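The values are calculated or read from the model by the stated rules, or taken from the named source; none is laboratory data. All of these numbers come straight from a predicted model, not from anything done at the bench. Quick reminder, even Gly has a Cβ in these numbers, built from the backbone with ideal geometry, and neighbours come from all protein chains shown.
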Amino acid sequence: MAVRVLILGGSFGGLAAARELRRAAGPDRVEITLIARDPRFTFIPSLPWVALGSRTLAQISFDLSETLRAQRITFAHETVLGIDGDHQVVSTDRAQYDYDFLVVATGHRSANEAVAGLGPGDGPGHSPMSPPETEELAAAVQGLLESPGPVVVGAAPGASCIGPAYELAFGLDHLLRSRRQRHLVPITFLTPEPFLGHLGMGGAGKIRQLLEGALEERDIAYRTSAAVTRISAGAVEVEGAGPIPSVLSIVIPPLAEVSAVAGSPGLANPKGFVPVDSRYRHPRLDGVYAVGVAVAMAPADETEVPVNFPKTGHMTEQMAVIAARDIVARVRGRDGEPAELSARCVMDMGDRGLYMSVDPVRPPRNRIPAVSEGRRWRLVKLGFERAYLWSARHGHRLPTALGW
Ligand SMILES: Cc1cc2nc3c(=O)[nH]c(=O)nc-3n(C[C@H](O)[C@H](O)[C@H](O)COP(=O)(O)OP(=O)(O)OC[C@H]3O[C@@H](n4cnc5c(N)ncnc54)[C@H](O)[C@@H]3O)c2cc1C
C-alpha cells in the first residue's frame, strides 16, 4: 500500500515539501495530497512592490492545481478545521483525510488587534502581510501621491517580519523622490528592535551600520525600541512619546496562531505554534512535522520591546526540505539528516539592495556574516523573483542560497 503524506498549506513551506517529497521518493509509492485554503501560490516577498504599484498580484502568483497536477500531487482547495494527531486524521470543511505522515505548513494569522486602529476594515492603519491587505495599501499609497503628507512605517511590538517595513520605507522614499514629491512627505520609521538591523536575530555583522547610514542618508527619521500602541486617522501613537503625525501609517503586526492548529489537541504550544525537533518532527505525535512560520521558535534574545525570531521564506524552504527528506528516509527505514538553519536575504532599498548571509541564524556564530550593499543586489532580487516563480510553477527547486 502507498504511504500517504498530507501537506497542509500551499505557500513556501507546503509547496517546497511537496516538491522535495515527490523528487526524493523516486519510484517509492508515496501518495501526496496538499490542502490549502488559497487556490493560488503568491510570492509574498514581492508584496511591497504590489503596495508601491510596480507589480500586480496576478504577476506574482499562480494557480496551484495545475502545478501540482503536473507533479502527480493531489490538490484539495479546502480549509483545515482540525488535526487529530493521535488518530492521524485531518478534518477540513469538506472531508476527512487519514495520513501516515503530516506536514503542517499553515503559516500564521496576522495579529492586527495588537495595535488599535491597524486595519484594514477596523481602522486607518495598513500592513502588507497578505494579498488583500496589500491591495488596500496600494490604494492608500496612490492616495498619498495625490494628496501628500507625513508617513509612518514600522513594526509592532512582538513582530518578527521586520524586513518588509524597511523595504516599504526605502521604497516609498525612492518613489516620492522619482516623482519630486519627497519634500512634501516626512517619513518616520518605528521599530521595536533595540537597534536597526537586529531583525529578530540579534543583528549580524555590519547590517546595523548600513541601515543607520541608509536611513540617515535618505532623511528618514527613526526610533528604535518603539512600542506602537494606536493608529488614528492622522497620527501614530508610541508608548512614552507624543503622537507622530501620519496620513499613511504602515505597521507590520506580530504573527499569531492559525486556529485549526492552535485548537488541535496536543499539537501546538500555548501560543499556537508547533514545537519540533531538529528534523522538524513533532516531539510527541508520530509522523507529524511542521515547517515555516507554523513552527515554534524562541526569540533570539530578550529586548526592551519584544521582537520575535524571523521565519523567512529562505528558512522555510530549508525546513521543508529537511522534513521531506526525513519522511522519505523513514519510508525506507532510516532517519534523515538534521541541519542548522542559515539566512540569506536581499532587502530592496528602492534604488539598491542590501544582501545578508548569516549562518547560523542564531548567535554565537562561527562564521562571520557577509553583508553588502549595492545596485547589483537589487538586480539579484528582481531576477530571483522571476526565476523563483517560473521554477515553482514548473515544479523545480531553485538553490535556496540564490537570492531572496
Ligand atoms: C510582506 C512580506 C515580505 C517578505 N519578504 C521576504 C523576503 O524577502 N525573503 C524571505 O525569505 N522571506 C520573506 N518574507 C517571509 C515569507 O513570506 C514567509 O517566511 C513565508 O511566507 C512562510 O511560508 P509558510 O509556508 O510557512 O507560510 P505562509 O506563507 O503563511 O502560508 C501559509 C499557507 O497555509 C494556508 N493555510 C493557512 N491556514 C489554513 C487552513 N486552516 N486550511 C488550509 N490552508 C491554510 C494558506 O492558504 C497558505 O497557503 C516576507 C513576508 C512578508 C509578509
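Among the residues here, Asp326 qualifies as among the charged types (D, E, K, R) and assigned by TED's automatic domain parsing to the domain that holds Ser278. A single member of Ala51, Ala36, Ala58, Ala76 is within 25 Å of Ala262 (Cβ to Cβ) and out of contact with any Gly (no Cβ under 7 Å at 6 or more places or on another chain), and it is Ala76. Look at Gly336 and say whether it is over 23 Å from Cys161 (Cα atoms), at pLDDT below 95, out of contact with any Leu (no Cβ under 8 Å at 6 or more places or on another chain) and surrounded by 17 or more Cβ atoms within 10 Å (Cβ to Cβ). The answer is yes for Gly336. Counted as qualifying within segment 206-294 are the strands (runs of 3 or more DSSP E) with 3 or more residues that are assigned by TED's automatic domain parsing to the domain that holds Asp326 and of a type outside the set (Asp, Glu), namely 288-290.
A quick yes/no check of all residues on (1) under 23 Å from the mean Cα position of the chain (by Cα); (2) more than 16 Å from the ligand (Cβ to nearest atom):
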position: Ala169; (1), (2): yes, no
position: Arg179; (1), (2): no, yes
position: Pro194; (1), (2): yes, yes
position: Arg208; (1), (2): yes, yes
position: Glu217; (1), (2): no, yes
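Can you find even one residue in segment 328-345 that is in a helix (DSSP H, G or I) and under 19 Å from Phe12 (Cα atoms)? Within segment 328-345, not a single residue is in a helix (DSSP H, G or I) and under 19 Å from Phe12 (Cα atoms). Here the condition is being touching a residue at least 40 places away in the same chain (Cβ under 8 Å) and either near the ligand (Cβ under 9 Å from one of its atoms) or outside the structural domain of Arg284 (by TED's automatic domain parsing) (or both); of Phe12, Phe101, Phe62, it holds for Phe12 alone.
Is there a residue being at pLDDT 95 or above, within 16 Å of the ligand (Cβ to nearest atom), assigned to a loop (DSSP other than H, G, I, E, B) and in contact with a helix residue (DSSP H, G or I) (Cβ under 7 Å, 6 or more places away or on another chain) anywhere in segment 354-371? No - not one qualifying residue is present in segment 354-371. Against the list (1) surrounded by 24 or more Cβ atoms within 10 Å (Cβ to Cβ); (2) closer than 21 Å to Leu6 by Cβ, the condition Val307 fails is (2). Checking the stated criteria, Ala140 turns out to be of a type outside the set (Asp, Glu) and under 22 Å from Arg179 (Cα atoms). Selection of segment 188-200 for residues being in a strand (DSSP E or B), out of contact with any helix residue (DSSP H, G or I) (no Cβ under 6 Å at 6 or more places or on another chain) and surrounded by 23 or more Cβ atoms within 10 Å (Cβ to Cβ) yields only Leu190. The sole residue among Ala262, Ala294 that is hydrophobic (A, V, I, L, M, F, W, C), within 15 Å of the ligand (Cβ to nearest atom) and touching a strand residue (DSSP E or B) at 6+ places or on another chain (Cβ under 8 Å) is Ala294. Among the residues of segment 246-259, those identified as within 16 Å of the ligand (Cβ to nearest atom) and more than 19 Å from Pro157 (Cα to Cα) are Val258, Ser259. Scanning segment 17-40 for any residue that is in contact (Cβ under 8 Å) with a residue 24 or more places away in the chain and closer than 30 Å to Leu172 by Cβ turns up at least one such residue.
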